[in-house]
1. Could you tell me which numbered condition VAL165 fails, if it satisfies all but one of (1) closer than 25 Å to ALA249 by Cα; (2) out of contact with any helix residue (DSSP H, G or I) (no Cβ under 7 Å at 6 or more places or on another chain); (3) surrounded by fewer than 16 Cβ atoms within 10 Å (Cβ to Cβ)?
2. Check TYR510, TYR528 and return the single one that is touching a residue at least 60 places away in the same chain (Cβ under 8 Å) and either more than 19 Å from SER416 (Cα to Cα) or more than 40 Å from the chain's Cα centre (by Cα) (or both).
3. Is there a residue being at positive phi and modelled with pLDDT of 90 or more anywhere in the stretch 526-545?
4. Any chance the stretch 53-70 includes a residue that's surrounded by 12 or more Cβ atoms within 10 Å (Cβ to Cβ), on the phi < 0 side of the Ramachandran plot and under 37 Å from the mean Cα position of the chain (by Cα)?
5. Determine the pairs where a residue that is modelled with pLDDT of 80 or more, located within the stretch 432-445, has a partner that is among the basic types (Lys, Arg) and not in a loop (DSSP other than H, G, I, E, B) with Cβ atoms under 9 Å apart, the partner being 6 or more residues away or on another chain.
6. Out of all the residues in the stretch 50-69, is one or more within 23 Å of ASN144 (Cα to Cα), touching a helix residue (DSSP H, G or I) at 6+ places or on another chain (Cβ under 8 Å) and not assigned by TED's automatic domain parsing to the domain that holds GLY214?
7. Any residue at all in the stretch 171-187 that's in contact with a helix residue (DSSP H, G or I) (Cβ under 6 Å, 6 or more places away or on another chain), basic (Lys, Arg) and not assigned by TED's automatic domain parsing to the domain that holds GLU329?
8. Filter the stretch 145-162 for residues that are in contact with a Pro (Cβ under 9 Å, 6 or more places away or on another chain) and buried (at least 20 other Cβ atoms within 10 Å of the Cβ) and give the result.
Amino acid sequence: MKTDPILKLALSLHSNPGVYALLIGSGASRAAGIPTGWEIVLDLIRKVAVAEGESPEPDPETWYRNKYGQPPNYSDLLEQLTSTPAERQALLRSYFEPTEEEREQGLKIPTAAHRAIAELVKNGYIRMILTTNFDRLIERALQNVGVEADVISTDDDLRGAMPYVHSKCYVVKLHGDYLDTRIKNTPEELANYSDTLNAFLDRIFDEFGLIICGWSGAWDTALREAILRCPNRRFTTFWLAKGELTEEARRIIHHRRAEVITIESADQFFTELKDRLESLSELERPHPISTAVAVATVKRYIAEPRHRIRLHDLIHEETERVYQELASERFNTHAPQLTKEFFQQRMHEYEAVVEQLMAMLVALSYHDTGSNAYLLTKCIERVSQPPRQNGTIALVELQRYPVLLLLYAAGIAALSLNRYSNLAAVLLKPSFYDDLQRETISVIETLGSQLRFFKRCKECIPFPNAERRWTPASDYLHSLLHQSLSDYLPNDTEYARMFDQFEYILALTYTDIVREDWSPVGRFGWRYKEFFVLPEDANRRSSPLADFVRVGLEQGADWGLLKAGFFSGSIERFKEVVEKHKEFVQRVVINWI
């Protein structure tokens, strides 16, 4: 059977995330229209020649050596052409930074390869990038996906940087950055590295596997020798080849026993590699069968009290798995250039992580008669504690989205069978200690903050015409959770009724224990707006909200919701909260009529 080399590399990365270093040469930037360092030197020589009133053709390097008696030097050329740092930067930017016209043509901006590499870094597959390029395309691509790399371009940077074992990503610019006149360009400059850089490369080539792309091995003598003097091959080296290999490349391939992968382009290869890794990750997403087994196990343990400890361990272990995943670097909260697409992708990633735990809590909340309700509270409290307190504000806020999903799904399941003790375990009891505020906060309070956040960012919610909807977050949750609850509420009308009634109870509870002048308004606000705006004695049709209030008033102190602790167990407090909430919602929905 013929081996698929891209799949082999994908499997290696998937099985050993973070142990491969990526070495990128000028070929990766040429596709973006960035000239090589030597091409820039030759162009600068031409500019010097023009200033001297001479022609350097057909060999600018030879002209320069004959004219000045020394090899061309990047720093010397810049001094000859510019007088101030500002002039120097303006000259260099023309080679590396796009004009508006170039940007429209897709030139001098991160390519598909750069973007795919950034995704590999974001997902933890690559943490070390070595590049011979002076441009900043890889740094920009990383920033676009929320990764702030430790960028090393000088020995001083290397000595002062965080140890690479503690870094999300190292970008080592072996020949410098284009705005630093100390960059290495000429054959003489590329012949030797400093002791500091050599010692660093010795560790990297010893400890990491290598993926080499866009580098010929021909001109960079010091880099080539650094690879060749490494005696160990702990992990495979993959050489991505486009066209004929140089003799220097063949020597390195033989020494490292590298696997050669013939590619059409860096864009095509890295995009396909990213897709393969995403497919492998999808295989690790809780399979419907494994989720079904977990749910069946929950049901079996609930049915037999002797399995109480096993049920505890089962829920606890899945909760910890979810929390550790949420706390991993996959969900870091730094994204200098947050986009709508990135925000929506993060939402979907959260949904995938909690999918199995949500199914287990739904089963527990629906079937348990209350003896194991404490597990719902413990789980929600654990997931409610955001792992990170700083970063991009929108991503910090979005950390509460997973608990919102768990709370909604488990709460609706409990309500569908009037499991009020389970509903209280979900809505009333969960709390956690907030380190920043130095106080214990109820989870329902943070839930309200999350829903207010979604209201401010409604154009980012992945739902059709979200920006034009009155309650896009509620509409999206209604659609999203329908499948998760279909085994318990198969009838669409009944599901919608339970969803609206749950959100109404959520809003009343928020009004009761958090604040009386604001509460989250879900779909119920526009679906049953007459309940809020028509006079009390008006003849209006029945609704889940009206039915809920009527049943509560009829049962009074015997009502299971009050016995579970809602509204302090007082029917009078319930009536008071209903009226206060109605006054608030009237002001909101009056504009929706």
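1. Only one criterion is unmet by VAL165, namely (1).
2. Values: TYR528 fails: touching a residue at least 60 places away in the same chain (Cβ under 8 Å).
Result of the check over TYR510, TYR528: TYR510.
3. Residues of the stretch 526-545 that are at positive phi, as a first pass: none.
Among the residues of the stretch 526-545, not one is at positive phi and modelled with pLDDT of 90 or more, which makes the answer no.
4. Scanning the stretch 53-70, I find no residue that is surrounded by 12 or more Cβ atoms within 10 Å (Cβ to Cβ), on the phi < 0 side of the Ramachandran plot and under 37 Å from the mean Cα position of the chain (by Cα), so the answer is no.
5. Matching pairs, first to second residue: PHE432/ARG382.
6. Just the residues of the stretch 50-69 that are within 23 Å of ASN144 (Cα to Cα), to begin with: none.
No - not one qualifying residue is present in the stretch 50-69.
7. Scanning the stretch 171-187 turns up at least one residue that is in contact with a helix residue (DSSP H, G or I) (Cβ under 6 Å, 6 or more places away or on another chain), basic (Lys, Arg) and not assigned by TED's automatic domain parsing to the domain that holds GLU329.
8. Just the residues of the stretch 145-162 that are in contact with a Pro (Cβ under 9 Å, 6 or more places away or on another chain), to begin with: 146, 148.
Correct list: GLY146 only.
The values are calculated or read from the model by the stated rules, or taken from the named source; none is laboratory data. All of these numbers come straight from a predicted model, not from anything done at the bench. Note: ideal-geometry Cβ built from the backbone for every residue, glycine included; neighbour counts use all protein chains shown.
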